[in-house]
Amino acid sequence: MKIRNLLYIAALGMFATSCTDGNDWDVDGAFDRLFGISSSGISVEPEDITATVTFDKRKDAQYYVIEVSTDSLYDEVEMGGPNAKVYGADTKDITSSPYVLTGLNGDTKYYLRMRCMSDEKSPSNWSYFKSGQTFKTKAEQIFFEITDADRFEDHIRITWDNTKEATNIVVFCNDEEIQNIILDDATKAAGELTINGLNPSTAYTFVIYNGEAKRGTISTTTTAAMPSGDYKVQLPATLERLDQVTIDQLVAEAQAAVGATNISITIGIPAGLSIDAYGDGVDGPAGLYIPDGVSVTFFGLPGGEAPVLNMVKSFNIKGGRNYLRFDNISFTDGGCQYFINQSESATISEDLSFSNCRFTSFNRSIVRTQGSPVITIGSINMDNCVCTDMSNGNGYSVFQFKLDTPANQNIGSLNITNSTFDTAQRSFVESSASPLKNGIHISDCTFYNVVQTGRYFIDANGMATNITLVNVILGKTYSETAKGVRTAGTFTADNCLRTSDCIFSSNDIKSLPAGDKSSADVFKDPDNHDFTLKIYDKIGDPRWYNQE
């Protein structure tokens, strides 16, 4: 028993000596390393050329090293490969979480790994973001907005942040690469380039690169080509007034150049030009007119805001021609009251048309026929137009056809598409003396604050005028005693919406009852002329569709 106790005491003495004096062998420093970060403790929030890395800190780590690469990363890959970026190795500045990685490429996938570092211990093993998965930066955008002043029928001007490195721009059409333009030093410094050789009315996408890195993408559409004609001419940007002398000179030059009198002319009006329009009469300003036999398209040229014609006197369509067209022009009432107030005989065998136009604050009508002339028009067409504060004199309808001799009126149809009518203080259409032979057709249009006290939305009283509404919104009426539609022809409404504040006190449109949503429920801010839809239906003027 005593011997056993002595042996036990001796063993304790040997154990105590070994703890105090250390081992007789060396410890491998490689095993004296820092603990690594768990992959689940690493998260990344990417932006376009940066990414914020959040990680769980380790108590014994003095700093951290982060590496990203477009190549795969794993333990056997040495740090700092050809497609890698290393953060914190030399600067030792990653000491806290989160940390922002800079200098990344946009729209790029990256692998990420990191390790804990100390001057006193070996680095930890590598920890990998999501066990070797990638994160992707957002698409970078160094392009500036393309404005109307940058768009033309055969070229587009694009601009970008010239403080950003860029090497080339690739042009796509219908997802097919059509140009790859290498940027020279002067173009890089300017940060702008004109892309030539494009087609009219065509969508293009431009991508700017710095080497392989995509730095921005932007899309736009070239403008429509200047409409065709036997003769094309552009008015000078210095023109102070569109008068009869100017019109007569242009027509004479065109007839001489073409060698005929019955010709078609396209007159281009420079973008941004704002001028009065009227002819000289015996007692003062008179209405402009086009000489007999000449068809004309007045076309607002691209390159900025649509030109403005301030109509001092109404346009006179007397005589005969195939067509009269207005495209991409803003019209204001400078005293004319009516854009066309026709009391002389006129023949337009094809069409009187308005496309991409704006009418603002006309006291009376866009088109009015009066008296006893013979007036023949194949069709009156309006597409992609905005008309605001019309018939504000409460005297005449927006479109008014009323000859003293009804048999003299020979108008085929009134066709209105993709347009907005915001405020009108009488009827919208009045044609109660003779029918529009091929009817009134309104589609994809938005109406708000239209029809004054006791007036009609459409009045074809006793006339066999067929009326069709398709995909139309009828918003608030100007007056709660407004009236609906009357015609001896047929009335059809297909896929239309009528708000609860569109009130017709008589001649109600029973086939299109008011719904439970008011104009304020349907439109974003109608009283301030913003008819962006709050609803998600593709209905009314397409310019106001909800894009969310």
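A few notes on this one:
- Looking only at residues of the stretch 123-147 that are surrounded by 14 or more Cβ atoms within 10 Å (Cβ to Cβ) and not in a loop (DSSP other than H, G, I, E, B), we find that the one that is farthest from the chain's Cα centre (by Cα) is Ser127.
- Being touching an Asp or Glu at 6+ places or on another chain (Cβ under 8 Å) and not in a strand (DSSP E or B) is a description that applies to Ser427.
- Search result, residues across the stretch 401-423 that are outside any loop (DSSP other than H, G, I, E, B), over 34 Å from the mean Cα position of the chain (by Cα) and polar (S, T, N, Q): Asn408, Gln409, Asn410
- Restricted to the stretch 483-548, the set of strands (runs of 3 or more DSSP E) holding at least 3 residues that are farther than 22 Å from Ser431 by Cα and touching a strand residue (DSSP E or B) at 6+ places or on another chain (Cβ under 6 Å) comprises 530-533.
- Only residues that are touching a residue at least 24 places away in the same chain (Cβ under 8 Å) and either crowded, with 16+ Cβ neighbours inside 10 Å or out of contact with any Gly (no Cβ under 9 Å at 6 or more places or on another chain) (or both) were counted in the stretch 498-537, giving 17.
- Filter result (within 14 Å of Gln425 (Cα to Cα) and surrounded by fewer than 23 Cβ atoms within 10 Å (Cβ to Cβ)) within the stretch 453-482: Thr453, Gly454, Tyr478, Ser479, Glu480, Thr481
- The set of residues in the stretch 457-473 being in a loop (DSSP other than H, G, I, E, B) and of a type in the set (Val, Ile, Thr) consists of Thr465, Val472.
- Test: residue in the stretch 97-117 that is more than 47 Å from the chain's Cα centre (by Cα) and open to solvent by less than 50 Å² (accessible area, probe 1.4 Å): yes
- Pairs where the first residue, in the stretch 248-271, is free of Cβ contacts under 8 Å to residues at least 24 places away in the same chain and under 25 Å from Ser330 (Cβ atoms) and the second is among the aromatic types (Phe, Trp, Tyr) and open to solvent by 60 Å² or more (accessible area, probe 1.4 Å), C-beta under 7 Å, 6+ apart: none
- The residue that is most open to solvent (accessible area, probe 1.4 Å), among those in the stretch 213-232 that are out of contact with any Asp or Glu (no Cβ under 9 Å at 6 or more places or on another chain) and in contact (Cβ under 8 Å) with a residue 60 or more places away in the chain, is Thr221.
- Tallying residues that are surrounded by fewer than 16 Cβ atoms within 10 Å (Cβ to Cβ) and either of a type in the set (A, V, I, L, M, F, W, C) or in contact with a strand residue (DSSP E or B) (Cβ under 6 Å, 6 or more places away or on another chain) (or both) within the stretch 45-61 yields 4.
- Selected residue (criterion: nearest to the chain's Cα centre (by Cα)) from residues of the stretch 424-438 that are open to solvent by 10 Å² or more (accessible area, probe 1.4 Å) and more than 14 Å from Gly454 (Cβ to Cβ): Asn438
- Residue selected from the stretch 154-166 under the condition open to solvent by less than 60 Å² (accessible area, probe 1.4 Å) and not aliphatic (A, V, I, L, M), by the criterion nearest to Ala306 (Cα to Cα): His155
- Test for Asn180: is it part of a loop (DSSP other than H, G, I, E, B) and touching a strand residue (DSSP E or B) at 6+ places or on another chain (Cβ under 9 Å): no
- Residues that are open to solvent by 10 Å² or more (accessible area, probe 1.4 Å), under 23 Å from Thr453 (Cβ atoms), in a loop (DSSP other than H, G, I, E, B) and not small (Gly, Ala, Ser) within the stretch 374-398 comprise Asn392, Asn394, Tyr396, listed in sequence order.
- Where Thr194 falls short, out of the listed (1) β-branched (Val, Ile, Thr); (2) out of contact with any His (no Cβ under 7 Å at 6 or more places or on another chain); (3) open to solvent by 20 Å² or more (accessible area, probe 1.4 Å): (2)
- Within the stretch 284-302, residues that are within 12 Å of Phe326 (Cα to Cα) sit with their Cβ atoms under 6 Å from residues that are outside any loop (DSSP other than H, G, I, E, B) and acidic (Asp, Glu), at 6+ positions apart or across chains, in these pairs: Phe299/Asp327.
The values are calculated or read from the model by the stated rules, or taken from the named source; none is laboratory data. Model, not experiment: these values are computed from the prediction. When we count neighbours, we look across all protein chains shown, and the Cβ atoms used for this are built from the backbone with ideal geometry, even at glycine. These area figures cover heavy atoms from the full protein model, side chains too; ligands, DNA and RNA do not enter into them. Shrake-Rupley method; radii C 1.70, N 1.55, O 1.52, S 1.80 Å.
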